[in-house]
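Taking it in order: structure first as structure tokens, then the write-up.
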DNA sequence: ATGTCC
């Protein structure tokens, strides 16, 4: 299938909404939520949107969020749902290598001014305590194989049961902190080996732990229900399932790549390796993916617990969980398709679930306002809290972040580390990087404008903006 | 994203 110049052929069919017409092997059209500006240089990733539209069982459309960029097989910012009972497939590439990567937001019982004098000491304590960067290192040590198995099955629930959090945390976690269908027999020895020493660690690249201030509130009632107010201090944690999730993706892509032909499936790109949800390989992947999902949540739970201890002993400040949501997962969900309710495998890769107000899976205090959606920005800019809206499109999904525009290599070539250091100092942002080189690769200029991404998402009717947060302190790998 | 190539 050759689709030329997709950018020029996009059909504008609504505000911040473009269609890629169905043709050739595509089973559905593509729908891209964005502005023309955000789609500059998006040709390769639009081709990936079209490729995803060829997958067996895909329904309605192959979607892309405003922060779309090139990814493994599927674009990052992609949403694709397949009909489980009509031969629909599951594809590891539709979740990505960092299974269950996500964001957690904690609200402090103080405002910026009250924290000002204690901030340097808190940053120094976090700098010493938070494991980060590539390779081994985690907060939960020693950690046995038996404990890992229980964590893969119990997620945040297990972490809290072992003393690493509060019961209330679980009510503010997607799926109550754990998914039930983890199958640890599908997690390889190698994945376990990599995961053992990394429980409670940030990782590297765009993952971070930030102390932030609520700079602006756009929706008072929703912000109130979420427990945040202007001027309030928050902590945002962005990380995933580390080497364990990566290894699970690697293992199951290989298995599916070898099995695909047996199901008569051909795909335009081998990176779209997939098998039916009901196949043994599909079930194996979903079971292992669920285990990685639990690992990711427990990872964020351990980091929250350590951050809480530091805030408490350094500044007598308490942190309560606003919400924890992943932006790299596949889920079996029921949605209405052409007037009938269907069981769908919804892949969200660099896309965030955004349940609307009234959704039964939302905890009671939030239900009236919709699901909190947490959008990590880039250091030195802003992060956002959004909420789901009634009738939300793309199976109730929205954006997940800024999305890179410069490669790491180009960022290092064009951005002077000393200049970045000076700008952060000028803006009063305390940074504790593991390496200044790594920090330079993550400079704001290397990313799309997160505010434009959020504006396009709201303009497309995918979510509503609740609050904007700005960084006071950044801990990074 | 990732023991940034078993």
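The values are calculated or read from the model by the stated rules, or taken from the named source; none is laboratory data. None of the values given here were measured: they were computed from a predicted structure. Neighbour counts run over all protein chains shown; Cβ positions are idealised from the backbone, glycine included.
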Only one of (1) under 17 Å from the mean Cα position of the chain (by Cα); (2) under 23 Å from residue A:130 (Cα atoms) is not met by residue A:437, so which one is it? (1)
Restricting to region A:101-140, count the residues that are surrounded by fewer than 21 Cβ atoms within 10 Å (Cβ to Cβ) and within 16 Å of DNA strand B (Cβ to nearest atom). 7
Just to confirm my filter: which helices (runs of 4 or more DSSP H) fall fully inside region A:397-477 and include at least 1 residues that are closer than 30 Å to residue A:225 by Cβ? A:450-459
Can you tell me which of (1) more than 15 Å from DNA strand B (Cβ to nearest atom); (2) in contact with a strand residue (DSSP E or B) (Cβ under 7 Å, 6 or more places away or on another chain); (3) under 27 Å from residue A:388 (Cβ atoms) is the one residue A:263 doesn't meet? (3)
Of everything in region A:170-194, what is surrounded by 22 or more Cβ atoms within 10 Å (Cβ to Cβ), closer than 19 Å to residue A:104 by Cβ and either within 16 Å of DNA strand B (Cβ to nearest atom) or free of Cβ contacts under 8 Å to residues at least 24 places away in the same chain (or both)? Give them in sequence order. A:170
Some residue of region A:218-236 being within 16 Å of DNA strand B (Cβ to nearest atom), surrounded by 19 or more Cβ atoms within 10 Å (Cβ to Cβ) and within 14 Å of residue A:322 (Cβ to Cβ): yes
Selection within region A:316-341 - surrounded by fewer than 19 Cβ atoms within 10 Å (Cβ to Cβ) and outside any loop (DSSP other than H, G, I, E, B): A:320, A:332, A:333, A:334, A:335, A:336, A:337, A:340, A:341
Return a yes/no flag: does region A:159-173 have any residue that is more than 30 Å from residue A:473 (Cβ to Cβ), at pLDDT 95 or above and assigned to a helix (DSSP H, G or I). yes
Inspect all residues belonging to region A:71-79 and state whether any of them is modelled with pLDDT of 95 or more, part of a loop (DSSP other than H, G, I, E, B), out of contact with any strand residue (DSSP E or B) (no Cβ under 7 Å at 6 or more places or on another chain) and within 16 Å of DNA strand B (Cβ to nearest atom). yes
